[in-house]
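The values are calculated or read from the model by the stated rules, or taken from the named source; none is laboratory data. This structure is a prediction, so every number in the text was calculated from the model and none was measured. In this analysis, Cβ positions are derived from the backbone assuming ideal geometry, glycine residues included, and neighbour counts consider all displayed protein chains.
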Amino acid sequence: MTRRILALSFVAALAIAGCKKQTGQVSVVKTASYPIITITGPQYISIAVGGVFTPPNATAYDTFYKERPTVVKDLGGLDNTTPGLYTVVYSAKNSNGFIGTAVVYVAVTDVTDTLDLSGLYWRSSDDQRPANISKLAKGLFMTDNVGGVDTGTQKEFIVPAVFAVTSLSTVDFGSQPTSAGTLTTTNGMLSFTPDTTISYIITAPSSTFSGVLRQFVKQP
């Protein structure tokens with residue numbers, strides 16, 4: 001993706017011995033082009049508690065400036081001894097300072113690979129608010145509607161998010177970038193009786209989601 005940026009220098013006027021001198025105007029047009037990062041390994045990874053995490057390799061390329069900037073990996077405090085969802089942010093900056101990013105999601109969990117929460121869920125407060133959950137890796141899932149908003153009248157607030165099942169009773173969204181901003185949650189719970197139910201409170205972005213308990217029940 002590129003866009004045009006116009007930068008104008010200011011005009012300086014100098015008064016010397018009763019005379020005025022004006023400098024010429026200089027216009028510089030730059031194209032904002034962001035490096036595209038390609039993860040050469042899996043983007044969704046699950047490791048056991050205490051297991052070894054090996055960050056996948058990545059390359060970056062700026063299609064406009066024909067550059068291959070260096071990719072930097074930020075593990076973001078990943079702790080392989082604590083169950084949870086972690087994000088590893090990859091970034092690359094071109095010669096004009098424009099930065100491209102990509103994210104690898106890592107679940108640290110000891111749940112078995114047989115656990116599968118995939119399916120259609122309804123937000124319990126309103127059956128017109130569906131969320132589809134899909135499995136990405138062992139104990140790692142994605143919801144296509146983390147806020148459980150009305151898909152008819154609130155389309156602009158439909159935000160997908162990734163979460164880890166950290167035990168048979170808890171889920172964790174960690175801190176992750178989304179289309180609405182950085183997402184954080186509390187009280188992530190999982191229950192299997194009488195029906196599979198996932199619940200949590202979204203604490204940020206507060207400008208998009210109010211901090212109420214959101215409960216989703218799997219449909220047969």
Inset, instruction - Give just the number: which of (1) part of a loop (DSSP other than H, G, I, E, B); (2) closer than 17 Å to residue 176 by Cβ does residue 45 not satisfy? - result: (1)
Legend entry - Breaking point among (1) touching a strand residue (DSSP E or B) at 6+ places or on another chain (Cβ under 9 Å); (2) modelled with pLDDT under 95, for residue 132: (2)
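Rundown of residues vs (1) assigned to a loop (DSSP other than H, G, I, E, B); (2) farther than 19 Å from residue 175 by Cβ, yes/no style:
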| position | (1), (2) |
| --- | --- |
| 32 | no, yes |
| 41 | yes, yes |
| 59 | no, yes |
| 69 | yes, yes |
| 79 | yes, no |
Legend entry - Scan of the range 181-220 for residues that are surrounded by 14 or more Cβ atoms within 10 Å (Cβ to Cβ), more than 22 Å from the chain's Cα centre (by Cα) and in a loop (DSSP other than H, G, I, E, B), ordered by number: 196
Legend entry - Selected residue (criterion: farthest from residue 86 (Cα to Cα)) from residues of the range 169-180 that are assigned to a loop (DSSP other than H, G, I, E, B) and touching a residue at least 24 places away in the same chain (Cβ under 8 Å): 180
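Residue by residue, here is whether (1) in contact (Cβ under 8 Å) with a residue 40 or more places away in the chain; (2) under 18 Å from residue 169 (Cβ atoms); (3) assigned by TED's automatic domain parsing to the domain that holds residue 186 holds:
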{"position": "84", "(1), (2), (3)": "yes, yes, no"}
{"position": "87", "(1), (2), (3)": "yes, no, no"}
{"position": "93", "(1), (2), (3)": "yes, no, no"}
{"position": "101", "(1), (2), (3)": "yes, no, no"}
{"position": "114", "(1), (2), (3)": "no, yes, no"}
{"position": "128", "(1), (2), (3)": "no, no, yes"}
{"position": "131", "(1), (2), (3)": "yes, no, yes"}
{"position": "138", "(1), (2), (3)": "yes, yes, yes"}
{"position": "141", "(1), (2), (3)": "no, yes, yes"}
Inset, instruction - Please note which strands (runs of 3 or more DSSP E) are completely contained in the range 94-168 and include at least 3 residues that are within 25 Å of residue 204 (Cβ to Cβ) and hydrophobic (A, V, I, L, M, F, W, C). - result: 99-108, 130-137, 140-143, 161-167
Legend entry - Criterion: crowded, with 20+ Cβ neighbours inside 10 Å and at pLDDT below 95 - qualifying residue of 149, 171: 149
